[in-house]
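One structure is given below, encoded as structure tokens.
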Amino acid sequence: MSYFLEENDFEVFNYIQQELDRQNTHLEMIASENFTFPSVMEAMGSILTNKYAEGYPYKRYYGGCEFVDKIEELAINRAKKLFGCEFANVQPHSGSQANGAVYSALLKPYDKILGMDLSHGGHLTHGAKVSITGQMYQSFSYGVELDGWINYDKVEEIAKVVKPNILVCGFSAYSRVLDFKRLSEIAKNVGAILMADIAHVAGLVVAGEYPNPFPYADIVTTTTHKTLRGPRGGLILTNNEEYAKKIDKAVFPGMQGGPLMHVIAGKAVGFMENLKPTWKEYAKAVKLNAKTLAEVLMQRGYKVVSDGTDNHLVLLSLLDKEFSGKDADLALGNAGITVNKNAVPGEIRSPFVTSGVRIGSPALSARGFKEKEFVIVANKIADVLDDIKNTQKQVLIKSELKELAIKFPIYTKAIF
Ligand SMILES: Cc1ncc(COP(=O)(O)O)c(C=O)c1O
């Protein structure tokens, strides 16, 4: 009897093969996506998925955990080393779960969260009203100025009025460096805990290419699958022992049951990659490539929010154009470039339409694209947008970019 997917479920197998082809032949420029390492996928596809291990290393509710204990311990130790902190919880199934666990550890219902507005680049879990974080807690927000920069004096003013229990910093769409020191002073002045959600920039942080929120933040959360290039998942870090104990209880048994040991193994393997000297080269390339992208787009007459970028993403403002973010997203998609529509400062359109697109460099940098290729891609983006209704041109560019993409293959097989 065969246990292999191809023979047992050809429909799913076939769709995975098609997705492999899509990933290899399209240009992935969604800022939150990346290509993880085959070694990470090997760990994630391993027999560890069979194991229940409720609890924490050496304190489990199940027998037979002697090997998964070692794996989780490795993941914890590597995470602590990477971020230079004392406590790590590697069990959150996602970034949202990580943020939810921090709130549930440290807040009572109706306590106050102050975070970056979703439409200004914050994340749903920073208190957006459609998220449980905006329903279970009283949530307030700060934003960016029309020039795309955070004005810390304004954040301070709002914090003084709101007096949040937790001040959340971090973003899904902000292309500048955060002043963690200033944010910690603001938090301290109003008696708030500072939580930094570095989901987007964690891979740059561990390479020293973006400031580390420690020692300023009380708690740091992140996903492991964006710039970190590990498996899909969440991570919580702190130097405060009391918070660490509360967070552990909030993750399990508070919010989750059995940890995903195969994913935790994937996290350990991903962290090992992040600790290698080659990681610094990758992170440097991610930043340089994003900068190149922003510069070429500006040279071609496009408005980049905040006039550039310090990280892995470029926010293109289309407020001065007749077409929307949705139109741009669609046209670029037709040309084989995957991005996402995004609200921009001074937004006039609905969140489903928007006046911007968010474009990221992590995935193309992972497949080996350098400045030279980013100049080509940025020009193709401008070519598509300059003539947005020209679908024939989009088809032509798609085939040109496919040729470029296949020179930089990312995976030779879909299943590890
Ligand atoms: C800043 C930030 N925090 C948290 C998350 C949530 O991560 P997940 O999708 O793993 O729940 C995201 C995802 O986009 C994010 O950008």
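The values are calculated or read from the model by the stated rules, or taken from the named source; none is laboratory data. Computed from a predicted structure; not experimentally measured. Heads up, the Cβs are rebuilt from the backbone with ideal geometry, glycines too, and the neighbour counts pull from every protein chain shown.
With respect to VAL395, determine if the residue is among the β-branched types (Val, Ile, Thr) and either exposed (fewer than 15 other Cβ atoms within 10 Å of the Cβ) or outside the structural domain of LYS291 (by TED's automatic domain parsing) (or both). It would help to see each step written out before you state the result.
Details: among the β-branched types (Val, Ile, Thr): yes; either exposed (fewer than 15 other Cβ atoms within 10 Å of the Cβ) or outside the structural domain of LYS291 (by TED's automatic domain parsing) (or both): yes.
In short, yes.
For region 209-221, give me each residue that is part of a loop (DSSP other than H, G, I, E, B) and either more than 21 Å from ALA31 (Cα to Cα) or within 11 Å of the ligand (Cβ to nearest atom) (or both). Let's see the steps before the verdict.
Within region 209-221, the first condition is being part of a loop (DSSP other than H, G, I, E, B), and the residues that meet it are 209-218.
Across region 209-221, the qualifying residues are PHE214, PRO215, TYR216, ALA217, ASP218.
Select from region 112-123 the residues that are among the hydrophobic types (A, V, I, L, M, F, W, C) and within 14 Å of the ligand (Cβ to nearest atom) and write down the one among them that is farthest from HIS200 (Cα to Cα). Break it down stepwise before answering.
Going through region 112-123, the residues among the hydrophobic types (A, V, I, L, M, F, W, C) turn out to be 113-114, 116, 118.
Checking the rest, the ones that are also within 14 Å of the ligand (Cβ to nearest atom) come to 113, 116, 118.
On the way: ILE113: 20, MET116: 14, LEU118: 14 Å.
So, considering only residues that are among the hydrophobic types (A, V, I, L, M, F, W, C) and within 14 Å of the ligand (Cβ to nearest atom), the one farthest from HIS200 (Cα to Cα) is ILE113.
Give the residues of region 222-236 that are buried (at least 24 other Cβ atoms within 10 Å of the Cβ), touching a residue at least 60 places away in the same chain (Cβ under 8 Å), near the ligand (Cβ under 9 Å from one of its atoms) and part of a loop (DSSP other than H, G, I, E, B), sorted by residue number.
Selection gives HIS225, LYS226, GLY233.
Taking the stated definitions as given, is ASN50 over 30 Å from LEU404 (Cβ atoms) and either modelled with pLDDT under 95 or within 16 Å of the ligand (Cβ to nearest atom) (or both)? Spell out the reasoning first.
Details: over 30 Å from LEU404 (Cβ atoms): yes; either modelled with pLDDT under 95 or within 16 Å of the ligand (Cβ to nearest atom) (or both): no.
No: the conditions fail for ASN50.
Looking at region 192-199, can you tell me whether even one residue there is more than 16 Å from the ligand (Cβ to nearest atom) and more than 18 Å from ASN311 (Cα to Cα)? Quick ask: steps written out before the conclusion?
Of all residues in region 192-199, those more than 16 Å from the ligand (Cβ to nearest atom) come to 192-193.
Remaining after also requiring more than 18 Å from ASN311 (Cα to Cα): 192-193.
There is at least one residue in region 192-199 that is more than 16 Å from the ligand (Cβ to nearest atom) and more than 18 Å from ASN311 (Cα to Cα).
Tell me which residues, restricted to region 124-177, are of a type in the set (A, V, I, L, M, F, W, C), closer than 26 Å to SER355 by Cα and away from the ligand (no atom under 16 Å from the Cβ).
Across region 124-177, the qualifying residues are PHE140, LEU146, TRP149, VAL155.
Mind checking which pairs have a first residue in region 55-67 that is among the basic types (Lys, Arg) and a second that is surrounded by 12 or more Cβ atoms within 10 Å (Cβ to Cβ), Cβ under 8 Å, 6 or more apart or different chains?
Matching pairs, first to second residue: ARG60/ALA53; ARG60/GLU54; ARG60/ASP69.
Residue check: is ALA217 within 18 Å of the chain's Cα centre (by Cα) and among the small types (Gly, Ala, Ser)? Can you show your working first?
Values: within 18 Å of the chain's Cα centre (by Cα): no; among the small types (Gly, Ala, Ser): yes.
For ALA217, the condition - within 18 Å of the chain's Cα centre (by Cα) and among the small types (Gly, Ala, Ser) - is not met.
Run down LEU385, LEU293 and say which single residue is closer than 30 Å to LEU235 by Cβ, modelled with pLDDT of 95 or more, outside the structural domain of GLY234 (by TED's automatic domain parsing) and not polar (S, T, N, Q).
Working: LEU385 fails: closer than 30 Å to LEU235 by Cβ.
LEU293 is the lone residue from the list that is closer than 30 Å to LEU235 by Cβ, modelled with pLDDT of 95 or more, outside the structural domain of GLY234 (by TED's automatic domain parsing) and not polar (S, T, N, Q).
List every residue pair whose Cβ atoms sit under 7 Å apart, with the two residues 6 or more apart in sequence or on different chains, where the first one lies in region 167-191 and is under 17 Å from HIS312 (Cα atoms) and the second, anywhere, is of a type in the set (Lys, Arg).
Listed pairs, sorted by first residue: ALA173/ARG358.
Is it the case that region 269-290 has a residue that's surrounded by 18 or more Cβ atoms within 10 Å (Cβ to Cβ), in contact (Cβ under 8 Å) with a residue 40 or more places away in the chain, in a loop (DSSP other than H, G, I, E, B) and within 21 Å of the chain's Cα centre (by Cα)?
Looking through region 269-290, none of the residues is surrounded by 18 or more Cβ atoms within 10 Å (Cβ to Cβ), in contact (Cβ under 8 Å) with a residue 40 or more places away in the chain, in a loop (DSSP other than H, G, I, E, B) and within 21 Å of the chain's Cα centre (by Cα).
Within region 84-111, how many residues are surrounded by fewer than 24 Cβ atoms within 10 Å (Cβ to Cβ) and more than 16 Å from the ligand (Cβ to nearest atom)?
Residues meeting the conditions: 11.
For ASN390, which of the numbered conditions (1) surrounded by fewer than 17 Cβ atoms within 10 Å (Cβ to Cβ); (2) within 27 Å of TRP279 (Cα to Cα); (3) among the polar types (S, T, N, Q) fails to hold?
Evaluating ASN390 over (1) surrounded by fewer than 17 Cβ atoms within 10 Å (Cβ to Cβ); (2) within 27 Å of TRP279 (Cα to Cα); (3) among the polar types (S, T, N, Q) leaves (2) as the failure.
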